[in-house]
Amino acid sequence: MIRKIIHVDMDAFYASIEQRDYPEYRGKPLAVGRAAERGVVAAASYEARKWGVRSAMPSMTAMSRCPGLIFVPARFDVYRDVSISIRKIFLNYTDLVEPLSLDEAYLDVTSNKFHVPSATLIARDIRRRIKRNTGLTASAGVSINKFLAKVASDYKKPDGLFVVPPEEAEAFAAGLTIEQFWGVGRVTAQKMHRLGIHAGSDLKRYEEAELIRLFGKAGSTYFWNARGVDFREVTPERIRKSLGAESTFEKDLDDALELQEKLLEIAKEVWERLERRYFAGRTITLKLKYADFREISRRKTLPEATRKFETFWAVAKELLAAAHPWHGTGWQYWQNGQDTQSIQNTRKIRLMGLSVSNAYEGGGMKYRQTLLDFGDEEA
């Protein structure tokens, strides 16, 4: 059976919400994030993108590229509420909705609630309802599988609709650059270029076994995608494997008290997410990135899933002590919660993160996912 898949992608989601809510920002280059030395652009308006400003770009770089760039703080509660209202629109058409982030999702409308045979008509109606209900625009791609639908949604951005019909699927995939293929990042793209692979048509010249030899299990995906084939289904139910949070500091830190405060802030944020998503896991992992960008991680697996913040916090402190020991007695005081003198360490820390994984297999772990954690906006 030929499936009918829609990929809906909101246009500059965070930035568009800010321009919607604050008319003085409309038509101006705007970035959601912090205008700070360690700040990062979470999203950029299309006016800012004309200057080369992109999500995940350091704020200082963005400001150098676009001198008149306006920075506004993120309002994630607002973005989440808008995302929920958009998902309700999706669910009017089908229960097979797979969110990828706050601003994009796959829909399988092969069998839909309105018995409409055309996925294109459904995509057009969804975009119309999103615009009417939220004041925001969305772009959509329609095709026979997830791979083609996602690529198609980017073709006529912003506020566009692009369709890849079944009879054109293979030729469409053959004409794509390899950077447009699912799972091909910068390093893989460079390796493919060295092999003379620049487009889907180049990938088609390779046998599946040869691509697996060159690229591991992903080689099989490349083989089929180059032929316009993607076997993945739209799956609204997922099992979360891990959950965490991290923070890049305004300045590199080497003071025990300051690091204790930052670790506690991160631990509280992670614990709030755990409780909100009814998640429990046995393995706690600490991630540190030093001033020279070297990264290390330390983890501890408990006999059973952590259920109390006190246990989680104790393990977090233990991991930091093991990963980044202080000289002298200051660290021992810190560990015991006593008055602490500042003990300096030559290896300053710029980023710290905590995560929980090795999910508990009991009740409450499998859930119908409505949202994923906030991430960098891509479109």
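For region 22-104, what is the Kirkwood estimate of the hydrodynamic radius, computed as the reciprocal of the mean inverse distance between distinct Cα atoms, to one decimal in Å? Walk me through the numbers on the way to the answer.
On the way: mean 1/r = 0.0711 Å⁻¹.
Computed over region 22-104, the radius equals 14.1 Å.
Rounded to two decimals, what ratio of Rg to Rh does the chain give with C-alpha atoms and a Kirkwood Rh?
Details: Rg = 23.4 Å, Rh = 23.3 Å.
Rg divided by Rh gives 1.00.
For region 43-198, count the residues as N, evaluate 2.2 N^0.38 Å, and divide the Cα radius of gyration by that value, please. Numbers along the way, then the final one.
Working: Rg = 18.0 Å, N = 156, 2.2 N^0.38 = 15.0 Å.
Cα Rg divided by the expected 2.2 N^0.38 Å: 1.20.
To the nearest 20 debye, what is the magnitude of the charge dipole of region 196-301 about its Cα centre, counting +1 on the Cβ of each Lys and Arg and -1 on the Cβ of each Asp and Glu?
580 debye
Return the calculated 222 nm mean residue ellipticity for the chain, to the nearest 500 deg cm²/dmol, obtained by summing -39500 (n - 2.57) across DSSP H runs with n ≥ 4 and dividing by the residue count. Don't skip to the answer; put the middle values down first.
Numbers: 14 runs with 137 residues, N = 379.
Calculated at 222 nm, the ellipticity per residue is -10500 deg cm²/dmol.
Sum up the charges of everything whose Cβ sits under 15 Å from the Cβ of His198, counting Lys and Arg as +1 and Asp and Glu as -1, but leave His198 out. Display every interim value, and only then the final one.
Details: positive: Arg186, Lys191, Arg194, Lys204, Arg205; negative: Glu179, Asp202.
Counting the neighbours of His198, the net charge comes to +3.
For the chain, modelled as a Gaussian network with Cα springs under 10 Å, which listed residue fluctuates most, Tyr206, Tyr25, Tyr79?
Residue with maximal mean-square fluctuation among Tyr206, Tyr25, Tyr79: Tyr206.
Please state the charge dipole magnitude for the chain, taken about the Cα centre, from unit charges on C-beta atoms (+1 on K and R, -1 on D and E), reported in debye and rounded to the nearest 20. Show your work: numbers first, answer last.
On the way: 59 positive and 50 negative charges, 87 e Å.
Dipole of the chain, to the nearest 20 debye: 420 debye.
Helices from the chain with mean Kyte-Doolittle at least -1.0 and a Cα length along the axis of 24 Å or more, per DSSP H: which? Walk me through the numbers before you get to the answer.
Values: long enough: 256-276 (30 Å, -0.52).
Counting only whole DSSP H runs, the qualifying helices are 256-276.
Cut-off under 19 Å on the C-alpha distance; same-chain residues fewer than 8 positions from Lys262 excluded. Which lysines are left, in chain and number order?
Answer for Lys262, where 19 Å is the Cα cut-off: Lys251, Lys287, Lys289, Lys317, Lys348, listed by chain and number.
Farthest toward the dipole's positive end in the chain, which of Thr134, Pro73, Gly27, given Cβ charges of +1 (Lys, Arg) and -1 (Asp, Glu) about the Cα centre?
Farthest towards the positive pole: Thr134.
In the neighborhood of Ala316, defined by Cβ-to-Cβ distances under 14 Å, what is the net charge if each Lys or Arg adds +1 and each Asp or Glu adds -1? It would help to have the intermediate numbers written out before the result.
On the way: positive: Lys262, Lys268, Lys287, Arg298, Arg299, Lys300, Lys308, Lys317; negative: Glu246, Glu261, Glu265, Glu269, Glu310, Glu318.
Result for the neighbourhood of Ala316: +2.
Under the classification rounded if a/c is under 1.5, otherwise prolate if a/b is larger than b/c and oblate if not, where does region 170-225 fall, given a ≥ b ≥ c as square roots of the Cα gyration tensor eigenvalues?
Numbers: a/c = 1.42, a/b = 1.11, b/c = 1.28.
Because its axes are fairly even, with a/c under 1.5, region 170-225 counts as rounded.
Tell me whether region 75-140 comes out rounded, prolate or oblate; compute the Cα gyration tensor, take square roots of the eigenvalues as a ≥ b ≥ c, and use a/c under 1.5 as the rounded threshold.
prolate
Tell me which of Leu214, Ala174, Val187 sits at the most positive position along the dipole axis of region 170-225, charges placed on C-beta atoms (Lys, Arg +1; Asp, Glu -1).
Val187
Setting aside same-chain residues fewer than 8 positions from Lys217, which aspartates and glutamates have a Cα under 20 Å from its Cα?
The qualifying aspartates and glutamates are Glu179, Asp202, Glu207, Glu208, Asp230, Glu233.
Under 10 Å, Cα contacts only: if you run a Gaussian network model on the chain, which one of Phe312, Phe71, Phe114 comes out with the highest mean-square fluctuation?
In the Gaussian network model the winner is Phe114.
Assign one of three labels to region 189-257, namely rounded, prolate or oblate, based on the Cα gyration tensor with a ≥ b ≥ c the square roots of its eigenvalues; rounded applies when a/c is under 1.5, prolate when it is not and a/b is larger than b/c, and oblate otherwise. Before the final figure, lay out the partial values.
On the way: a/c = 3.55, a/b = 1.80, b/c = 1.97.
Since a/c reaches 1.5 but b/c is at least a/b, the shape of region 189-257 is classed as oblate.
Let me check I've understood the local charge: for Thr285, count other residues with C-beta under 9 angstrom from its C-beta, Lys and Arg +1, Asp and Glu -1. What total comes out?
Working: positive: Lys287, Arg298, Arg299, Lys300; negative: none.
Neighbour charge sum, excluding Thr285 itself: +4.
The numbers here are math on the coordinates, done by the rules we state, and not lab data. Since this is a predicted model, take the numbers as computed values, not measurements. Positions of Cβ are generated from backbone atoms using ideal geometry, with glycine treated the same way; all protein chains shown enter the neighbour counts.
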